[in-house]
Each structure stands twice: as structure tokens, then as C-alpha cells.
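First the structure, in the form of C-alpha cells, and then the observations on it.
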Amino acid sequence: MKRIAYITTILCMLLACGPRKEYKESLQRVEAMMNDHPDSALQILDSLGQHEAEFNRHFRMQYLLNLTMAQAKTGYIFTNDSLTELLVRHFNTKGTKTEKTWAYYLYGCALSDIGHAPEALQAYYDAIDVVDTPKEFFDYTTLKSIYGQMSQIFHKQNLPHDEIWALNNYIDCVKHVDNEEEFIIAKSQLIKPYYLLDEKDSILNIIDKTYNSLIRLGKEQRAAACLVSSIYIFIERNQLTKAKEVINLYEQKSGLFDQEGNIVKGREGYYWIKGFYELAVKDMESAEAYFRKAIKYGYLSEGYRGLLRLYREKNNMDSVVLFSQLYEAAQDTLHNKMRTDAVHQMSVLYNYNRNLKKLEEEKEKVRNARIVTASIIVVSISLIWVISWLYYRKQKRRKDSIISLENELNSAISTRNELKEELGQLKAKDYENVIATKENKVTELTAIIKRLTEENRTYKSTTLNKDKDHLEDFLNSTIALLFVKKATGKTERTKPTETEWKMIVSQFSKDLPATFKSFGEGKPLSQLEQRICILLILDIPEYIISIMADTSTSTVSNTKARANYKLFGKKEAYPLKNNLIHSLRRS
């Protein structure tokens, strides 16, 4: 009743005031109640919309921004992104920080609802970027929603590390705007990414802390409801007594079950967990009923997996074949929904840029060090210039020395040839003394020529071969031979570890410095492009490369095309290997 009275008062003021000032005041009131009472805000906005013909363009966009935000907070599902994209274009140049953040957030919501996960993530990142430092942002409720949405996308795309990053920021926002109970529940969301990482001990630890914290607050139902994720872990570990204890707590204390034992809508995944427990205690009939119930509610992969295991134990081969096929089809459907590569590449790129931005923010916070920082930059640039100039001068001296030596060598050779000719003439006339003197001079010049020839060869070797590639050294290195063994199935694991990747890139840069330098010039190669080029030089087949690089063959082909274009100006994928080999031979 109080809320209705409050809305009525606002509407009366809306009708009683003048045409412009009252609209702005009404919109300010809407913004103030948006987070706590979005449904009430929506009613006021609906009434305000009757006067839309009197709005100028900017105020109309502000009205639409608030209207869309209120709709989103009351569960509206977007069917297109046209309006939210229009809001972003408008407020990106004319809006306040709050308006820009809301616009990007709503754009992300719309993109997510229509199935454009990578674009939605980019919109959420843009919303965060509007704020200089998230911890100084006053609207933690909106920021909480942004990180919450991002964590859901990361979870669906099977990116647990990115999900943990988003959830940690989400938890920080919850700490600012919600009570202790919600803060505890927010921390329990970390169960999901740790489940993807298969870190069972971490999951049990989070569940235990959540349960005890909620019991301490007297929230017995929510405490019991958080236990469900631990049941299957106990079943996997054959801790059936512990699993039964948790099942009893969950079914009796969570308040999620009706009198017939049916769980509330949205929690039906519990049926396949209960099915595996019944299977573990050899109650086949009950297990089958729960698995079929899980399939009924859309948990195809888990349900078919349970029935497959059940019929294996029954030794019913016809059913084993049937449910093997159904389980495989369910797994294929699940995998086809994921577009991990596009999301992860954008996430990594953003995190890299964001780390750079954090460094800049830290510099800005230390205001008293600005002059020092500027001085350091100037000194650094000066040092780089001086070092570059000294290097250039040193190289020029080397080249000048080579030219001087070559001139001196050519002069000595010319003089020796003249003397030889003169000696021939003197011998014919039998001038013994002159001949002896000239012969000594020839001997002396021969020694000088030999010395200069050696010095000239040494200078040329030092200067010209400094960055020369040594392909054989690389191919015969220990780490290269290890990768070849992996590719030919002579090791336990085909896929290299990150440490092994770092070792082979380091060896490559050492033995093939000129080629490795080309990887970073012009349009530099990405990490994946560099790795694929190295594997091609090792003559590893493309399908093996996809396994070692942990990606698909189509991604390998596309990556080869990009690398070939960057290095050799050709957009095709197949010539990359030959181009690399020919380039190495020329060097």
C-alpha cells in the first residue's frame, strides 16, 4: 500500500508541474528507485511516456535508457539489439559515466539474449571501461549485474579461469550493496568454475564454508540447499555414507521438495545425481526411474550416461548400444553449442589491455611522483637514443674497417703483382742484389696479405653472421626432438605443457634469430600463429598440430592463412610451410 501511495504521489506531481522541469525531476526519482524498486520505476516511466512528443532528442534518449533498464531489471527478454545499440551510439558521446555504463550494459544484455556471446562480452567490457577504477564507482548494483552476466557467459563457454575473475569482481560488488547472507551466497558461486576445473577439494571446501556460515546466521534452508554439489563428489569417491547424510539434509531441510518428493522447477538436475546414488547402492529400479526423470527435464547427457552405466551392470547389450548412441549424440549437441575460441581470444586481449591500464592508473594515483615519472621517461628515451646511436656508430665503424681492410688488401695484391713482374724482368738481366731485395719485399707483402685476409674474414664473419639462422642446430636441439617424439606418439602426452611451449620458443629464437625477429615485425604474429609456424618447420602434420595446440583443424588452417599473410603477403594457408622453409634456406 505504501508503494502504491508513493507512486500515486509521484504521478500527481508529474501532472501538476510544468512540462520540462517536472519531466527531469521525475526521471531523477526513477533513477533513484531503479535498483530497489524497478517495477515501480517502470510504472512511472509508462506514465511519463504519454508526454514523449514534448521531449527533445537527448531527454527522449534518457527516457528510453531508463525505460530499458527498468524492463531489464524486471526480467524482460530482448529479441533484438537495435534500440540498445542506438543508446550506446548516443550516450557514448553525450552521456554521463552512469548513462554510458547503463547503455553498454543493456547492449550486452540484448546481445546475450539473442545469442551473440562474444559481442555481449565486449559490450560488458566496454561498460567496465567507462569507469576509471571500478572500486570508485558508486553504482555497485549495475557493476554487480555486469560481472554476474559475464560469469554466466564464461561458464557456458567452459572458460573457468575467466569465470573466476568475473565472480571475484561480482563478489566484491555484492559486499558493497548486499547483506552478509547474500555475500556468503555470492562466494558460493565459485563452485561452478572449480567444478569445470575438476578441483573437487576446492568445491567441498567452499560448500563447507558456505553451509557453516549460513547455519551461523540461522538460514537453515539456504544452508541445506547449497549442499547439492557435494553429493556427486562423495558418490565418485565411494563415500556413500557421507553422500546419504547430505542427501537426507538436502531433501529434508532445503524446502525445495514437495510431499511427493518432487523438486522445485529449475532444480531438476538433482534427479540424475540421485540416480547415480541409487545405482551405487544397487537399487537399479530406483536409479532407472531417476535417470529417466532427469532426461524428461532436459538433462540428456547425464541421464543417458546413467542409463548406459546401469545397463552395463545389467549386462543388457541391446540397451547398452542404444544408450551409447544417445549419450554420444547428447555430448555432440553439448559441444556444438560452445564457441570458446572467439570468446577466449577476446578475453585474453581485453585482460592484457586492462593490465596495461591498471599500470597507468597506479601511476596516476601517485601524484607526487609525476615529475619523477616524466623525468624517468625522458632519461629512458635519451638512453635508448644514445644506445641506438652508439650501436649505429659501432656498426658503421665495423663496415668502414672492412672497407679499409679490403682496400689495403687489394693495394697489397696489386703491388705484389707489380713486383713479381718486375722480378721477372730483373732475373732476365741477372741483377742479383735487386732481385734479393725485391724477393724479400714480396715475402713481406705475402705475410701482410695473409694477415689482412684473415682479419677481413674475421670482420665479415662477426658482422654478417651475427643474426644468421642455424636450422640444423634447432632441429637437433633436445626440445625440438621432444616435440617430434610427441607428434609421432612416442611420449605419454601429445599435448605439450606451457613450460615446454616456452622452452621451444626460446630455443627457436636462439637458433633462428632472423626468422624469429620477422615474427615480431610489421604485423606481429600472435602466440598461436608463432607456435603453428614452429611446428610446421618441425614438419608436424596439421591434424597433429591441432592436438598439440589444443584447437580444431579449421582453426589451425585459418591461423596458417593469417600467418602467411602477415609474413609473406599471401592469404592462402597451404603455402605457409614452403614459404617458411624457403625463407630459412635463403637466410
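Which is open to solvent by 20 Å² or more (accessible area, probe 1.4 Å) and more than 30 Å from the chain's Cα centre (by Cα), of K73, K94? Being open to solvent by 20 Å² or more (accessible area, probe 1.4 Å) and more than 30 Å from the chain's Cα centre (by Cα) holds for just one of K73, K94, which is K94. Checking the range 124-139 against the condition returns no match, with no residue being open to solvent by less than 50 Å² (accessible area, probe 1.4 Å), over 20 Å from T101 (Cα atoms) and part of a helix (DSSP H, G or I).
Inspect the range 537-550 for any residue being modelled with pLDDT under 90, open to solvent by 50 Å² or more (accessible area, probe 1.4 Å) and under 26 Å from the mean Cα position of the chain (by Cα) and give the result as yes or no. Don't jump to the end; show me each part of the working.
Filtering the range 537-550 for residues modelled with pLDDT under 90 gives none.
Checked the range 537-550: no residue is modelled with pLDDT under 90, open to solvent by 50 Å² or more (accessible area, probe 1.4 Å) and under 26 Å from the mean Cα position of the chain (by Cα).
Restricting the range 19-41 to residues that are open to solvent by less than 40 Å² (accessible area, probe 1.4 Å) and of a type in the set (A, V, I, L, M, F, W, C), the residue that is farthest from S82 (Cα to Cα) is M33. Identify the single condition in (1) more than 23 Å from the chain's Cα centre (by Cα); (2) without any contact (Cβ under 8 Å) to a residue 40 or more places away in the chain; (3) part of a helix (DSSP H, G or I) that V556 does not satisfy, given that it satisfies every other one. Failing condition for V556: (1).
Only one of the listed residues (K293, K244) is modelled with pLDDT of 90 or more, assigned to a helix (DSSP H, G or I) and within 19 Å of K200 (Cα to Cα). That residue is K244.
The one condition from (1) over 30 Å from the mean Cα position of the chain (by Cα); (2) surrounded by 17 or more Cβ atoms within 10 Å (Cβ to Cβ); (3) not hydroxyl-bearing (S, T, Y) that I203 does not meet is (1). Scanning the range 22-72 for residues that are aromatic (F, W, Y), modelled with pLDDT of 85 or more and part of a helix (DSSP H, G or I) yields F59, Y63.
The values are calculated or read from the model by the stated rules, or taken from the named source; none is laboratory data. Every value quoted in this text rests on a predicted model; they were computed, and no experiment measured them. All Cβ positions, even for glycine, are placed from backbone atoms using ideal geometry, and neighbour counts span all protein chains on display. To get the accessible areas, we keep the full protein, side chains included, count just its heavy atoms, and leave off ligands, DNA and RNA. Shrake-Rupley method; radii C 1.70, N 1.55, O 1.52, S 1.80 Å.
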